[in-house]
Amino acid sequence: MDKGFWAKIKKPIFGLAPMDGVTDAPFRFMVAKYGKPDVMFTEFVSAEGLCSGAEVLLDDLKYSDIEKSIVAQIFGVDVEAFYKAAPLLCELGFSGIDINMGCPDKNVAKRGGGAALIKNPKLAKKIILRTKEGVRDWKEGKKLEDFGLPESIIKKAHLKKNIKRIMVPVSVKTRIGYDKELVKDWVKHLLELEPANISIHGRTLKQMYSGKADWEAIRRAAEIIKKTDTLILGNGDIKNVKEAKEKIEKYGLDGVLVGRATFGNPWFFSGKNLSTKERLEAALEHVEYFERTFPDKKFYNIKKHLAWYSQGFKNAKELRIELMRAENASDCKKIIKIFLRKNMLSGS
C-alpha cells in the first residue's frame, strides 16, 4: 500500500472535512492561517466534468502552499473519468486524491454517485482501482496529454513545476450506510482495494445531516480497519477540539475530520477564543482574499461566510443584516468599521 503523506502525519490526525460550497480556496486559506489542521480537503469536483472540459471546475482545485497537506476530492460514476482525472490531480501537486462515496445530495445519488455507491460496491471498487491505475501510469511516466483529457483543461490547469512523480495516495470518504447502517460489510469491500485512508461520516445517506452521528457505528468500522494498514478518520457533530480528542480515544480512531463547527471559525483547530474585533477583522481578510482569488465570481458566494462570522456577540444580527447588503469587500470594510466604532463607544 502506498500511504504517501498519510504515513508521515503524526497521530492523532485533525482534518478539515470537504464541504461543497464551503471549503473553497479562500476558506481553506483562512483555516490554514489561523488553525492549521494536519490535512485539508477541497470541495468535491466532478471527475466527469473535468473530462468533458468544464474549465470552471479548475477554480475548485486552486490552492496555496499554506494549505498543505491538501487532498483533492472527486466524485462521479464513470470509471474511466477517474482514471483520466487522477493524473491531472497529481500534476496539480495535491498530496492525495479522495473519492467521494458519502455525498447525500439527491442529484448526485440519483446518478449513482456519492453515498449511492454504498449500494454498488462492485462499481465502487472499480473506481478505486482505476483511480490508482491512473496515478500509477502517471508515476511511471505517462504524459498528461496521453490520458485523453481535454486540451483546454490541461492548458488552463494551474499545473505545478518540477512535480516529483510518486504514487499519490488514494483515499475514500463515505457514510455508515445508504438507508440503514451496514458499515462493517461496506468497509470490508473498500479494504479489498487498500485505500490509504477511509473517512466515515456517522450518518446514512437517508439521514442527510439530521439526527445524531452514530459514533458506535464508526467504532465498529474502526475495529475492522485497524487490523489493516488503512487509516480511519471519524466525522460528524464534533463541536470543539476537546471533544475531537475524546472521540479519537473513545472510538479507537487515527483521527477526525471536522466540518460545520468551522463555519465562521477558522481558529477551530487552534482552540482559541477570539474577540469580536479579531473575528470581524478576519472576516474582512477572508472577503478580500476571496476577491483576489476569484475576481470574476459573484460576491454573493462569500455572503454565507459573512453571516457565519457575524454570530455570537452583541448586536451581531444588526451587523449581519448590513453585511448581507454589501456588494464587495470595500462595502464590508465600511460596514465593519462603523459597527466596531459604534459598539466600542457604547462599551459593548
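Rule-based calculations on the coordinates, nothing more; no lab input. What you see is a predicted model; the values in this text were computed from it and never measured. Neighbour counts are summed over all protein chains in view; Cβ atoms, including those assigned to glycine, are modelled from backbone coordinates with ideal geometry.
Before moving on, here are some points about what is shown:
- Neighbour counting of Cβ atoms within 10 Å sorts the residues MET19, MET30, fewest neighbours leading, into MET19, MET30.
- Alpha-carbon spread of the stretch 228-342, three principal axes, descending order, Å: 54, 34, 18
- Think of each Lys and Arg Cβ as +1 and each Asp and Glu Cβ as -1; about the Cα centre, that makes the dipole of the stretch 174-288 roughly 400 debye.
- The stretch 13-79 shape via C-alpha gyration tensor axes, a/c threshold 1.5: prolate
- Using the alpha-carbon positions of the stretch 276-345, Rg (one decimal) and Dmax (whole number) come out as 11.4, 38 Å.
- Shape category assigned to the stretch 138-293 from the gyration tensor of Cα positions, a/c cut at 1.5: oblate
- Cα-Cα over 26 Å, subset of LYS277/LYS317; LYS3/LYS126; LYS142/LYS173: LYS142/LYS173
- Rg then Dmax, both in Å and based on the Cα atoms of the stretch 31-122: 13.7, 41.
- Extreme residue, positive dipole direction of the chain, given options GLY15, GLY134, PRO150 (C-beta unit charges): GLY15
- Think of the chain as having a plus end and a minus end, set by charges on the Cβ of Lys, Arg, Asp and Glu; of TRP6, ASN240, PRO104, ASN240 sits farthest toward the positive end of this dipole.
- Ranked packing of 61-74, 289-302, most packed first, by mean Cβ within 10 Å: 61-74, 289-302
- Inter-part distance where the stretch 49-120 and the stretch 128-157 are each reduced to a Cα centre, Å: 14
- Zero-based 20 Å bins, Cα pair distances in the chain, whole percents: 31, 56, 13, 0
- When you restrict to C-alpha pairs under 8 Å that are six or more residues apart and normalise by the size of the stretch 69-206, the relative contact order lands at 30 percent.
- Cleavage-rule hits, GluC sites (Glu not before Pro), the stretch 189-289, DSSP coil, Cβ neighbours within 10 Å at most 13: GLU192
- GluC sites (Glu not before Pro) within the stretch 300-339, DSSP loop, no more than 13 other Cβ atoms inside 10 Å: GLU327
- Remark: TRP215, TRP186 ranked as TRP215, TRP186, counting other beta-carbon atoms within 10 Å and listing the fewest first.
- Its Cα centre serving as origin, the chain has a Cβ charge dipole (Lys and Arg +1, Asp and Glu -1) of approximately 840 debye.
- Over the stretch 209-264: Rg over Rh, Cα atoms, Kirkwood Rh: 0.98
- Per residue, the chain reaches -12000 deg cm²/dmol at 222 nm when only DSSP H runs of four or more residues are counted, each adding -39500 (n - 2.57).
- With contacts taken as Cα pairs under 8 Å at a separation of at least 6 residues, the stretch 4-269 carries a relative contact order of 21 percent.
- Beta bridges by DSSP in the chain, antiparallel share as percent, to the nearest 5: 5
- Under a model in which nothing but the beta-carbon of Lys, Arg (+1) and Asp, Glu (-1) is charged, the stretch 283-348 shows a dipole of about 220 debye around its Cα centre.
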